[in-house]
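The values are calculated or read from the model by the stated rules, or taken from the named source; none is laboratory data. Keep in mind it's a predicted model, so treat the numbers as computed, not measured. All Cβ positions, even for glycine, are placed from backbone atoms using ideal geometry, and neighbour counts span all protein chains on display. Accessible surface is based on the protein model in full, side chains and every heavy atom, while ligands, DNA and RNA are left aside. Shrake-Rupley method; radii C 1.70, N 1.55, O 1.52, S 1.80 Å.
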There are 6 protein chains.
Amino acid sequence: MENSRYEAGQKVMEELFSEQVRQDMKGMKDVSPDLWDMIVSFGFGDLYSRKALSLSQREIVTITSLITQGAFDQLKVHLEAALNVGLSREEITEIIIQCTGYVGFPKAVQAMQIAAEVFQENSEYSSR
Amino acid sequence: MENSRYEAGQKVMEELFSEQVRQDMKGMKDVSPDLWDMIVSFGFGDLYSRKALSLSQREIVTITSLITQGAFDQLKVHLEAALNVGLSREEITEIIIQCTGYVGFPKAVQAMQIAAEVFQENSEYSSR
Amino acid sequence: MENSRYEAGQKVMEELFSEQVRQDMKGMKDVSPDLWDMIVSFGFGDLYSRKALSLSQREIVTITSLITQGAFDQLKVHLEAALNVGLSREEITEIIIQCTGYVGFPKAVQAMQIAAEVFQENSEYSSR
Amino acid sequence: MENSRYEAGQKVMEELFSEQVRQDMKGMKDVSPDLWDMIVSFGFGDLYSRKALSLSQREIVTITSLITQGAFDQLKVHLEAALNVGLSREEITEIIIQCTGYVGFPKAVQAMQIAAEVFQENSEYSSR
Amino acid sequence: MENSRYEAGQKVMEELFSEQVRQDMKGMKDVSPDLWDMIVSFGFGDLYSRKALSLSQREIVTITSLITQGAFDQLKVHLEAALNVGLSREEITEIIIQCTGYVGFPKAVQAMQIAAEVFQENSEYSSR
Amino acid sequence: MENSRYEAGQKVMEELFSEQVRQDMKGMKDVSPDLWDMIVSFGFGDLYSRKALSLSQREIVTITSLITQGAFDQLKVHLEAALNVGLSREEITEIIIQCTGYVGFPKAVQAMQIAAEVFQENSEYSSR
């Protein structure tokens, strides 16, 4: 039963993240296997796997929360995830612009610089 | 020209907020006419009026940012706005649940209590 | 199996909170049964039930995090929980004083005022 | 020697706050005499008494920090202090407007509503 | 008319920032022309160009807000701006010290380390 | 008398930090002798030297507050201090896991990565 939560988490992580990113994230398993299990089973299994929002709506929530709390270390992989689940560059750029009115310019500027890197490294996603 | 930004803001505010809420907000005009103008012209005119995101996507950003920063005083009117622009109760509830993994339980719980009030006061929006 | 996580959560909540507080918290079950399940199963079952820290050490973490993020709405029940799991008034007061150096005076002052209320309402815990 | 820090703090508090506000603040002395001593000796004695900034410059720092961290409970007495040490209504209003670009609208709006109350209750300070 | 807001922003940016810093900032124009326009037209044109506060008072607000929210990436250019609009090293150091009481030591220490770098790189501004 | 506060601070710093870390921290003395004096006399002398909490309890407060506010630059030396005053690796790991429920995953993950570095560099502290 516990397994089903972990498996649900793994499945949604495959939709969100590239093989490489999942491999990097898994480094946490060596550091703290318990935290890793919570990330997969609760974070992705219990939360992201739920049906009431689409994955692209969930990434709007995630990106906005990361920008608002200034958690820029985690922003890059979730900007990539946003592209992977179907948000366009224009929509991602616009999420950051909308944040301006709610968090001010400094965090929006820092987010946009990270988005620029992500867009450059993921040129397979056209500008539309 | 300035007028067009203000007018665009007013127009989008009519889609987001009830007559009563707009009336209450306008109390700011007496306190600081300049801040009021910025709210309407920049906040709603320049930001919300843009096309790259739908109003319901914008309210996902707004609600998430308010929850993450603990700005619960402004949350109620934006939960109502979310209903007005087409987000369902299930989707709004789910935005708050998704926040749990990014901001922790205390802010999610406080948000859910406010959502419960909003849902009760807006019973014309069916549960689906 | 899911049941065991929920039951572990309920058991630790009985150690932390009075009957009355648990009753009040359970109001969330009507608002969002899913969030309620996560609070009990993940928050209390998965986190608080773990052995590596005592419940009084966990409440030091909780109280400090609530003060630092300004989540004063949830502080009261956790100050009571701290008393229930064996922290003295002097220790609780001191947690708040230690916070001064890390979050500044405004949040420490607000926390101390809530602590004063809690101490007054829980006079069965001597000042030791 | 300790006394000189406490006395310096008391002296600067007389410049900042009305008799009534100082009386209210002193309620903290009963709750935690040690925190009270730190507030007076360190907060006001060591910090506010220094010469490199004027008291009105210090209140710009204080008000901005309170708005940015959402510590609205302490904002009112510092808006009054700002008036007492010579900042005009226009300057206080403008501090809040300047914050808009750095913290977003929600916190600025909440601050402006508190400023409106303070201005109404302190009508002896002309709008200049 | 839009032009006048943008031009007002550009003009105040020339008072605040060196040619080099303005050049670096303008990198945002390639990333998101729309965010860049908002930064110049709203951030600098609508906010910084207003008359009710001096530019040095505005930089006290900005620096304090950046420290309080932990936005250290943007702090350096605004510490330089503070020097450019007439705040002395002593005043800037003192803003950070005053913040200690409102945000705690960790953020103040991080800010002071950045200030030390800025002072070293801008030795043309004497210590008084 | 002032001396006794500074000396108390120095004494507790010797219990918390290695010679090397204390040497690095002292770099602040050149940048701002006044902020340095406040850190030692108030931060460590007035706060950490108090008796109502043990040093290991104080480090639980400190680590939790740093994680909650995202002040990761200061986290490393305090994770080392936690080891020095007797918290085990398991307890430190658990503080971070407990934080998950109160601040969300992003800050917990970032903290755990820093803890992993600290544990590797301090292999003399067995995993117990």
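Residues checked against (1) under 17 Å from C:Y102 (Cα atoms); (2) polar (S, T, N, Q):
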position: F:N3; (1), (2): no, yes
position: F:S18; (1), (2): no, yes
position: F:D24; (1), (2): no, no
position: F:W36; (1), (2): yes, no
position: F:E90; (1), (2): no, no
position: F:F105; (1), (2): no, no
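Among the candidates E:I39, E:I92, E:I60, E:I67, single out the residue that is within 30 Å of F:T64 (Cβ to Cβ) and of a type in the set (A, V, I, L, M, F, W, C). Unique residue meeting the criteria: E:I67. For the stretch D:94-101, the condition holds for no residue, the condition being that it is open to solvent by 40 Å² or more (accessible area, probe 1.4 Å), facing chain E (nearest Cβ under 10 Å) and more than 15 Å from the chain's Cα centre (by Cα). In the stretch A:1-33, how many are open to solvent by 70 Å² or more (accessible area, probe 1.4 Å) and closer than 19 Å to F:A108 by Cβ? Residues flagged as open to solvent by 70 Å² or more (accessible area, probe 1.4 Å) and closer than 19 Å to F:A108 by Cβ within the stretch A:1-33 amount to 5.
Yes/no per residue for (1) assigned to a loop (DSSP other than H, G, I, E, B); (2) under 30 Å from E:V61 (Cβ atoms); (3) under 11 Å from the mean Cα position of the chain (by Cα):
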position	(1), (2), (3)
A:Y6	no, no, no
A:Q10	no, no, no
A:V40	no, no, no
A:I63	no, yes, yes
A:V77	no, no, yes
A:V109	no, yes, no
A:A115	no, yes, no
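Criterion first (small (G, A, S) and farther than 27 Å from B:M112 by Cβ) does C:G86 satisfy it?
Details: small (G, A, S): yes; farther than 27 Å from B:M112 by Cβ: yes.
Here the answer is yes, as C:G86 does meet what is asked.
For the stretch E:80-93, residues that are under 16 Å from the mean Cα position of the chain (by Cα) and at the interface with chain D (Cβ under 10 Å from one of its Cβ atoms) total 6. Checking each residue in the stretch E:67-78 for being touching a Ser or Thr at 6+ places or on another chain (Cβ under 8 Å) and open to solvent by 30 Å² or more (accessible area, probe 1.4 Å) picks out only E:Q69.
To keep it simple, each residue is scored yes or no on (1) over 22 Å from F:G104 (Cα atoms); (2) open to solvent by 10 Å² or more (accessible area, probe 1.4 Å).
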{"residue": "B:E80", "(1), (2)": "yes, yes"}
{"residue": "B:R89", "(1), (2)": "yes, yes"}
{"residue": "B:G104", "(1), (2)": "no, no"}
{"residue": "B:V109", "(1), (2)": "no, yes"}
{"residue": "B:M112", "(1), (2)": "no, no"}
{"residue": "B:V118", "(1), (2)": "yes, no"}
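Of everything in the stretch C:42-56 that is more than 11 Å from the chain's Cα centre (by Cα) and polar (S, T, N, Q), the residue that is farthest from the other protein chains (Cβ to nearest Cβ) is C:S49.
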